[in-house]
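The structure under discussion appears below in the form of structure tokens.
The values are calculated or read from the model by the stated rules, or taken from the named source; none is laboratory data. If you're wondering where the values come from, they're calculated on a predicted model, not measured in any experiment. Here the Cβ positions follow ideal geometry from the backbone for every residue, glycine too, while neighbour counts run over all protein chains shown. Surface areas here come from the heavy atoms of the whole protein model, side chains and all, with no ligands, DNA or RNA. Shrake-Rupley method; radii C 1.70, N 1.55, O 1.52, S 1.80 Å.
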Amino acid sequence: MAAMNAPLPVARDIAVDLAVVRAALARIRAHIRHTPVLTSRSLDDAAGASLYFKCENLQKVAAFKARGACNAVLSLSDAEAARGVVTHSSGNHGAALAWAATQRGIPSWIVMPSNAAVVKQNAVRGFGGTIRSTEPTLTAREAACAAVLAETGATLVHPYNDWQVIAGQGTAALELLEEVPQLDVIIAPVGGGGLLSGTAIAARGLKPSIKIYGAEPAGADDAAQSLRAGHIVPQTDPRTIADGLRSSLGDKTFAVIQSMTDGIGTTSEDAIIRAMRLTWERLKLVIEPSAAVPLGALLERKLPVGGLRVGVILSGGNVDLDRLPWQA
């Protein structure tokens with residue numbers, strides 16, 4: 001086995017540009033929601049910047065993941081689609097792929113760790129996906145995916161390390177900048193990197209001068225470590241309530257993040273919880289912990305955006321209401 005910090009291969013061929021993101025938006029537009037952009041003077045004051053929140057928690061399946069999954073499914077040929085799709089996911093991507101597959105009338109298999117949140121397992125089933133439960137390790141998840149592929153001939157739609165998925169995720173930033181073109185900065189949470197990669201490609205294509213930052217929990221800071229190291233540092237022991245951000249970067253997403261972003265801000269668990277609660281209170285929006293990470297980084301002044309106009313992508317709103325992080 002390779003050493004923990006040994007360099008992993010990186011895909012240098014970035015196969016997505018602004019034109020590809022625009023084509024993805026044209027492909028999925030009839031199936032997704034054009035989510036609103038909200039502002040809050042009190043949150044501006046707390047962050048020291050003018051914030052514009054792109055509300056992907058109001059997206060289909062309550063997460064931006066609907067965009068990438070929908071683009072990937074609609075990009076399949078009829079012969080490929082007939083065999084169905086498979087992925088491994090702790091929740092939001094799995095629900096999104098199940099939803100997108102059902103929209104096209106094809107089967108989907110979602111490999112989920114046995115400790116996945118019940119609300120997310122229920123969402124996958126509710127959208128028509130077949131769950132294959134496995135141990136909560138990447139090795140076990142990939143092995144279960146391989147078994148489904150061998151049984152069914154389905155197409156693997158990776159949660160983030162897939163160019164069609166990346167292009168679909170970039171459509172959120174495309175909408176945001178078309179609505180608020182004066183933005184100086186866009187911040188997106190980063191786990192596997194699909195959203196941040198797509199955001200960077202779309203935003204840089206539309207406005208080359210814009211700054212692009214990622215935000216991640218301090219207890220799952222592999223993206224920040226990877227940028228410092230110049231190669232992918234795998235996530236080995238993530239410790240954060242932001243369950244959607246526990247993945248390692250992929251070779252495709254790292255290639256984009258390394259070449260097109262301006263840095264990663266990390267944030268404490270306390271700040272994530274505070275940001276989540278403030279968003280519920282001030283914007284009246286239900287967001288999940290992963291979606292609160294960018295605001296958490298802003299509240300802790302982890303990014304150089306003071307006085308600027310900042311777009312913040314609220315990535316999702318799938319929350320177990322019986323286990324809210326601020327409850328004893």
Region 281-328, subset over 20 Å from the mean Cα position of the chain (by Cα) and not in a loop (DSSP other than H, G, I, E, B), residue nearest to Lys211 (Cα to Cα): Arg309
Any residue at all in region 283-301 that is closer than 13 Å to Gly244 by Cα, open to solvent by 10 Å² or more (accessible area, probe 1.4 Å) and among the polar types (S, T, N, Q)? no
Output the residues belonging to region 68-87 that are touching a Gly at 6+ places or on another chain (Cβ under 8 Å) and more than 9 Å from Ile106 (Cα to Cα). Gly68, Ala69, Cys70, Asn71, Ala72, Thr87
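Residue by residue, here is whether (1) assigned to a strand (DSSP E or B); (2) closer than 25 Å to Asp237 by Cα; (3) in contact with a Pro (Cβ under 6 Å, 6 or more places away or on another chain) holds:
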| position | (1), (2), (3) |
| --- | --- |
| Lys120 | no, yes, no |
| Ala123 | no, no, no |
| Ser133 | yes, yes, no |
| Thr139 | no, yes, no |
| Ala143 | no, yes, no |
| Leu149 | no, no, no |
| Leu176 | no, no, no |
| Ala188 | yes, yes, no |
| Ala200 | no, no, no |
Which residues, taken from region 151-173, are open to solvent by 20 Å² or more (accessible area, probe 1.4 Å) and either without any contact (Cβ under 8 Å) to a residue 24 or more places away in the chain or not in a helix (DSSP H, G or I) (or both)? Glu151, Gly153, Thr155, Leu156, His158, Tyr160, Asn161, Asp162
Among residues of region 246-270, those that are in a helix (DSSP H, G or I), open to solvent by less than 10 Å² (accessible area, probe 1.4 Å) and free of Cβ contacts under 8 Å to residues at least 60 places away in the same chain, counted: 0
Across region 104-118, the tally of residues that are at pLDDT 95 or above and assigned to a helix (DSSP H, G or I) stands at 1
In region 205-242, which residues are surrounded by 22 or more Cβ atoms within 10 Å (Cβ to Cβ) and not in a loop (DSSP other than H, G, I, E, B)? Ile212, Tyr213, Gly214, Ala215, Glu216, Pro217, Ala220, Asp222, Ala223, Ser226
